[in-house]
Amino acid sequence: MLQIIPYPEKVSYRKIKHGPNVFHDALKGVLQGEKFFQVINPNGDNYGLHYVANIDWAKKSDMYDKSEHLENYPLYPPYLSYDEEDTSKFSFDIFHNIKKVWFKEANEYTIVVAGIILKHTDMAVSFADERITMFIPESDRLKVSFDEPDTTDKTLLRVIDSFYPTPAFKDNNQVDQIFCFHHIFFFQGLTDLPLDKIKYAELVIVKDEGIGSILSCYHLLQKYFKTYGITLGIQPGSSRYPDEMLEKYFDLRISTPDFNEDNTVLIVNYFAAWFVRMAGKDRDSQYNINSLNPTFKKEMDEYAQAVMGSKRMLAVLLRGTDFITSGMAALAKPVTADFAIPLIKQWMEEDSYDGIVLATEDEDMLSAMREAFGNKLIAISQERFSVEKLGSNETIAQLEQNSLSGEKYHNHIVDITVNYFYAVYLLSKCESFIYSNLCGGERLTHIFNDGKYKKELCLSELAMQNSQ
């Protein structure tokens, strides 16, 4: 991203003429390793441009996930080349039900996005930065205002000047400036192929990702590409799960030989794709229980009836282990057992539930819950680990891959995945839901429950509120 700075004096950088192509002209220099530029403005004050890599900009924030995952798969591509005149691959999902957009800072991305909004929509725009007028004059639809935006207005999108992990919060009306640009140009950034040549999109799965994450990402992207008439597939062998298992139990398509470089968009940055789609208008409709294999679903229904019958149960999902060692942040950050148990006890006493259905992969969480609730607790059969067994930044997937191989690993993955779905399905059949943080299991539980919970509580959200 190119940021506007005072004109650099007493130094000599590449000089660029102010005009409609000023950012593209500067990006040509960025491709050659340059970071600073002097802009000559014949009709106003000269100014400078400073290039900051998107990922470096994001990392300055305490909210950015510093885990190894995002070191290898950064959330924001560099976008050193783009075409704001080619609207064929634009996505305006982020503006769903939005009438006004407020920008905190004028820079390359916010100026480009503002121009697109004014040209292709009827939304109004405001900036808390008068430098916007060097690029776009004030008008009935573009104003400079230093008033704080109304955070209760659901028709206003607030674009702030520091990293903000929108998908990790429930407020989709606030995004950061790179996220906003990324959302619009995501598809264009994937390929130079003309839209009419693209038949398929192929998703490369990150090896460490769990089945809940994969299902969420796949169905979000499937819905997104369907609007362009494009079929989504998963690159064979790219996930840690056997391809035949993904096809047998779940509504997932594995790419076939007719996916090729002449007709296919390759999605290699899993997290950049998932992150941007998570804040789309279809965020809460990413998967459907009826997409499961009917026989598999019938077996889970029978199991739920046998375990719970007509009892009033409280669903509890407590994520730990690699969510702790990976340093997850914001609403993805898990809570401690000491934080969770008093709140669970409060709900049990207030609503007189018959028992608790617990899903956790964390041995320490299970021990603490057994001690606190005794025979009131039904702990779903799952493979469990202790934080102490995981190395720094090590995930459960990495631990499994290091300890098993061949057919043993294959059979192990199938077993734990089937058990995982039994766990999520049982949680979805309970009356109310307490969950430690946002994660793949939480999303699938909500999707399977389909809005039927009497009440629910996100513990990480409460912990964040308490810390403010």
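The values are calculated or read from the model by the stated rules, or taken from the named source; none is laboratory data. Quick caveat: nothing in here was measured; it's all calculated off a predicted structure. No Cβ is skipped: glycine too gets one built from the backbone with ideal geometry, and neighbour counts run over all protein chains shown. The area values use the complete protein model at the heavy-atom level, side chains included, leaving out ligands, DNA and RNA. Shrake-Rupley method; radii C 1.70, N 1.55, O 1.52, S 1.80 Å.
To the nearest 20 debye, what is the magnitude of the charge dipole of the chain about its Cα centre, counting +1 on the Cβ of each Lys and Arg and -1 on the Cβ of each Asp and Glu?
Its charge dipole is roughly 500 debye.
Which one, Thr231, Ile211, Val268, projects farthest toward the positive side of the charge dipole computed for the chain from Cβ point charges (K/R +1, D/E -1)?
Thr231
Given only helices, namely DSSP H runs of n ≥ 4 each adding -39500 (n - 2.57), what is the per-residue ellipticity at 222 nm of the chain, to the nearest 500 deg cm²/dmol?
Working: 16 runs with 173 residues, N = 468.
About -11000 deg cm²/dmol.
Can you give me the angle between helix 440-449 and the longest principal axis of the chain, using Cα atoms only, in degrees from 0 to 90, rounded to the nearest 10?
70 degrees
Over region 81-229, what is the mean sequence separation of C-alpha contacts under 8 Å (at least six apart), divided by residue count, expressed as relative contact order in percent? Present the calculation step by step, with values, prior to reporting the outcome.
Details: 170 pairs, mean separation 38.1, N = 149.
Once normalised by length, the contact order is 26 percent.
Looking at the square roots a ≥ b ≥ c of the eigenvalues of the Cα gyration tensor of region 41-115, which shape do they give, rounded for a/c under 1.5, prolate if a/b is larger than b/c, or oblate? Could the numbers behind the result be given before it?
Values: a/c = 1.75, a/b = 1.24, b/c = 1.41.
Verdict is oblate for region 41-115.
For the chain, take the longest principal axis of its alpha carbons; what is the angle in degrees between that and the long axis of helix 337-351, to the nearest 10 within 0 to 90?
Relative to the chain, helix 337-351 is tipped by roughly 70 degrees.
Could you calculate the contour length gain from Asp150 to Asp122, that is, 0.36 nm times the residue separation minus the distance between their Cα atoms, to one decimal place in nm? List each step's numbers first, then the result.
Details: separation 28, 0.36 × 28 = 10.08 nm, distance 1.99 nm.
Full extension of this stretch gives 8.1 nm more.
Any idea what diffusion coefficient region 1-95 gets from Stokes-Einstein, in µm²/s, Kirkwood Rh on alpha carbon pairs, 37 °C, 0.692 mPa s?
Details: Rh = 15.4 Å.
Calculated translational D: 213 µm²/s.
Considering the options Ile136, Thr295, Ile178, tell which one lies farthest towards the positive end of the dipole of the chain, charges being +1 on Lys and Arg and -1 on Asp and Glu at the Cβ, about the Cα centre.
Ile136
Can you pull the percent of the chain's accessible area that's carbon plus sulfur, 1.4 Å probe, other chains left in place?
Details: 10160 of 21000 Å².
With neighbouring chains kept in place, the figure for the chain is 48 percent.
Using the heavy atoms of the protein chains and a 1.4 angstrom probe, tell me the accessible area per residue for the chain in square angstrom. If you can, show how the numbers build up before the last one.
Working: 21000 Å² over 468 residues.
About 45 Å² of surface per residue is accessible.
Let me know the volume per residue of the alpha-carbon convex hull for region 71-131, in Å³. Could the numbers behind the result be given before it?
Details: hull volume 8.0 nm³, N = 61.
Per-residue hull volume (Cα only) is 131 Å³.
Between Asp45 and Asp415, what length comes free when the chain is fully extended (0.36 nm per residue of separation minus the Cα-Cα distance, one decimal in nm)? Working shown, then result.
Numbers: separation 370, 0.36 × 370 = 133.20 nm, distance 6.65 nm.
Roughly 126.6 nm would be gained on extension.
On a 1.4 Å probe surface of the protein chains, which of Glu85, Glu209 comes out largest in accessible area, and what is the full order? Working shown, then result.
On the way: Glu85 120, Glu209 20 Å².
Greatest to least solvent exposure: Glu85, Glu209.
Given +1 on the Cβ of Lys and Arg, -1 on the Cβ of Asp and Glu, and no further charges, what dipole in debye does region 159-290 carry about its Cα centre, rounded to the nearest 20?
Numbers: 12 positive and 17 negative charges, 60 e Å.
With only Lys, Arg, Asp and Glu charged at Cβ, the dipole is about 280 debye.
Rounding to the nearest 10 and keeping the result within 0 to 90°, find how far the Cα-based axis of helix 363-373 lies from the longest principal axis of the chain.
60 degrees
Suppose we look only past 17 Å in the calculated P(r) of region 9-62. What percent of the Cα-Cα pairs does that tail hold? Walk me through the intermediate numbers first.
Numbers: 597 of 1431 pairs.
Counting every Cα pair in region 9-62, those more than 17 Å apart make up 42 percent.
Apply the a/c threshold of 1.5 to the C-alpha gyration tensor of region 25-151 and tell me whether it is rounded, prolate or oblate.
Oblate.
Averaged across orientations, what area in nm² does the convex hull of the alpha carbons in the chain project? Walk me through the numbers before you get to the answer.
On the way: hull surface 99.9 nm².
Mean projected area of the Cα convex hull: 25.0 nm².
Which residue, chosen from Leu31, Val52, Tyr7, occupies the Cα position most advanced towards the positive end of the dipole of region 1-53, where the dipole is computed from +1 (Lys, Arg) and -1 (Asp, Glu) charges on Cβ about the Cα centre?
Positive-end residue among those listed: Leu31.
Relative contact order for the chain: what is it in percent, counting Cα pairs under 8 Å that are at least 6 residues apart? List each step's numbers first, then the result.
Values: 773 pairs, mean separation 63.6, N = 468.
After rounding, I find 14 percent.
With charges only on Cβ, +1 for K and R and -1 for D and E, what is the dipole size of region 104-220 about its Cα centre, in debye, rounded to 20?
Details: 11 positive and 19 negative charges, 79 e Å.
Using Cβ point charges on Lys, Arg, Asp and Glu, region 104-220 gives about 380 debye.
How far apart, in nanometres, would the label points at Ser367 and Asp83 be if each is projected 7 angstrom from Cα along the Cα-to-Cβ direction?
6.1 nm
Please give the length that would be gained between Asp243 and Val307 if that part of the chain were fully extended, namely 0.36 nm times their separation in residues minus their C-alpha to C-alpha distance (nm, one decimal). Before the final figure, lay out the partial values.
Numbers: separation 64, 0.36 × 64 = 23.04 nm, distance 3.08 nm.
Length gained between Asp243 and Val307: 20.0 nm.
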